[in-house]
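Student: The structure is given below, and queries will be raised subsequently.
The values are calculated or read from the model by the stated rules, or taken from the named source; none is laboratory data. Small disclaimer: the values here were computed from a predicted structure and weren't measured. Backbone-built Cβ (ideal geometry, glycine too); neighbour counts: all protein chains shown.
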Amino acid sequence: MCLKKLKLLCAFLSVLLVLLTGILVFLVVNREGDSADIFKYYEKSSFREYTLDEKTLNFIGRSAVLNGEVILSASGSGAEFICEGDYAEITLAPENSYTSYSHSPRIALYADGNLVAMETVTEEKTYRINTRYSGTVITLLKLSEAMHSSVKLTKLASYGIKDVTPTEERELKIEFIGDSVTCGYGIDAGAYGGFSTATENFMKSYAYLTAERLGADFSAVCYSGYGVLTGYTENGSINDKIVMNEYDKACHLTGQEDPLWDFSRVKNDLVVINLGTNDASYCSGSAYGRQRFTDAYVQMLITVREKNPDAYILCILGDMNNSLFSSVEAAVSLYREQTSDSRAEAFTVDFKMGENDIVIDGHPGALSNACAADTLTQKIASLINSGYIER
């Protein structure tokens, strides 16, 4: 009796094996894609590392490749690529001495728009991102500003049968020049606390939101406390925190000379300047101060035009402190008169901070920035529709 049952069990298992083999063959034969044979796929798969350049990465914003590593300083700088393997690995490290929590680079890492990591980088760390055979878009963005917080992309690797490839560039390209408002200062902190790169989030700033709504590539040159004539001051004296002093730089290094930005790398269609909030701490109280600000603003426009010969220049100011907006308008008018350049204008952007959120040190929060992005997006769209900005 036991022998008979054993024979029946063996017969059943034989039939089951045939069925399973048939199903596997069917799946292999009918699998779509270049690697139809699942066994050949795994035979060809391999772990490989890549050179960090334009052949593997679509660079976002300003960056510099030094000694085979990508240095990211500016708000919103980063890189993007497509991985068609099983997983991708990237290794990040703070640039030299940036290791304290309050002054460490903050990054965000996404896979097909899904958040993988958002954190400050205080030591070297490798991130493994699970991908899929059909291709996954991996996006790395620096959320904190250039001051105190450069980060290095030191390694890119993947496991699969195809090399990683850069994503395509977008047609419209916008550069934002600004101060802490453009940086997304304190936007993840709420109303209490002090400055920390750990609570900055460029992705919630009006600049990033505007670029995304317009489907544009972007870059940002922004520094907290900086201005046109002077940075923020409480003692009535001018300080040297001037954005234009940093405008030529690709990134910031510790104890080394900062590499220069190659303006020929990107042809900006639009430059948005949001400066004057910090200057108001010195300039708004006197006619003399306002005139000095106006003169400095004209010189800034001349520099921006020199570096961006084909871009439309939009000079904005929001309601954190817009007491110098009339001086911005005066500077734009004077610039147009002196240079015969009509492709520049002043425009008020309404954050509606009286109705929306306010975070640390009186800065606009996420809702206020979204409101400003609505206004700015509509303005830029009208410039595009009117032919002032070509796409």
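Let's see how each residue does on (1) buried (at least 16 other Cβ atoms within 10 Å of the Cβ); (2) not basic (Lys, Arg):
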{"position": "258", "(1), (2)": "yes, yes"}
{"position": "287", "(1), (2)": "no, yes"}
{"position": "292", "(1), (2)": "yes, no"}
{"position": "320", "(1), (2)": "yes, yes"}
{"position": "335", "(1), (2)": "yes, yes"}
{"position": "341", "(1), (2)": "no, yes"}
{"position": "345", "(1), (2)": "yes, yes"}
{"position": "359", "(1), (2)": "yes, yes"}
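Student: Within the range 161-179, can you find the residues that are touching a residue at least 60 places away in the same chain (Cβ under 8 Å), surrounded by fewer than 23 Cβ atoms within 10 Å (Cβ to Cβ) and not β-branched (Val, Ile, Thr)?
Tutor: Within the range 161-179, 162, 163, 166, 168, 169, 171, 172, 173 meet the criteria.
Student: While we're here: What's the total number of residues in the range 159-183 that are modelled with pLDDT under 95 and not β-branched (Val, Ile, Thr)?
Tutor: Residues that pass the stated criteria total 4.
Student: In the range 202-225, what residues are closer than 18 Å to residue 150 by Cα and among the hydroxyl-bearing types (Ser, Thr, Tyr)?
Tutor: Listed by number, the residues that qualify are 219, 223, 224.
Student: OK, next. For residues that are farther than 22 Å from residue 304 by Cα and basic (Lys, Arg), tally how many sit in the range 227-286.
Tutor: Total meeting the criteria: 0.
Student: What number goes with the only condition from (1) free of Cβ contacts under 8 Å to residues at least 12 places away in the same chain; (2) within 30 Å of residue 191 (Cβ to Cβ); (3) not hydrophobic (A, V, I, L, M, F, W, C) that residue 342 does not pass?
Tutor: In the conditions (1) free of Cβ contacts under 8 Å to residues at least 12 places away in the same chain; (2) within 30 Å of residue 191 (Cβ to Cβ); (3) not hydrophobic (A, V, I, L, M, F, W, C), residue 342 misses (2) alone.
Student: Among the hydroxyl-bearing types (Ser, Thr, Tyr) and modelled with pLDDT of 95 or more: is that true of residue 192 in this structure?
Tutor: Working: among the hydroxyl-bearing types (Ser, Thr, Tyr): yes; modelled with pLDDT of 95 or more: no.
No; evaluated as a whole, the condition is false for this residue.
Student: Now, a different point. For residues in the range 100-144 being over 12 Å from residue 82 (Cβ atoms) and small (Gly, Ala, Ser), which is surrounded by the most Cβ atoms within 10 Å (Cβ to Cβ)?
Tutor: Looking at the filtered set, the residue picked out is 144.
Student: If residue 356 satisfies every condition in (1) touching a strand residue (DSSP E or B) at 6+ places or on another chain (Cβ under 9 Å); (2) in contact (Cβ under 8 Å) with a residue 24 or more places away in the chain but one, which is the exception?
Tutor: Just one mismatch for residue 356, condition (2).
Student: Looking only at the range 180-209, count how many residues are surrounded by fewer than 24 Cβ atoms within 10 Å (Cβ to Cβ), among the aliphatic types (A, V, I, L, M) and under 15 Å from the mean Cα position of the chain (by Cα).
Tutor: Residues that pass the stated criteria total 2.
Student: For the range 51-86: of the residues being surrounded by 17 or more Cβ atoms within 10 Å (Cβ to Cβ) and of a type in the set (Ser, Thr, Tyr), which is nearest to the chain's Cα centre (by Cα)?
Tutor: 77
Student: Report the residue count in the range 247-278 for those that are touching a strand residue (DSSP E or B) at 6+ places or on another chain (Cβ under 9 Å) and assigned to a helix (DSSP H, G or I).
Tutor: Total satisfying the criteria: 1.
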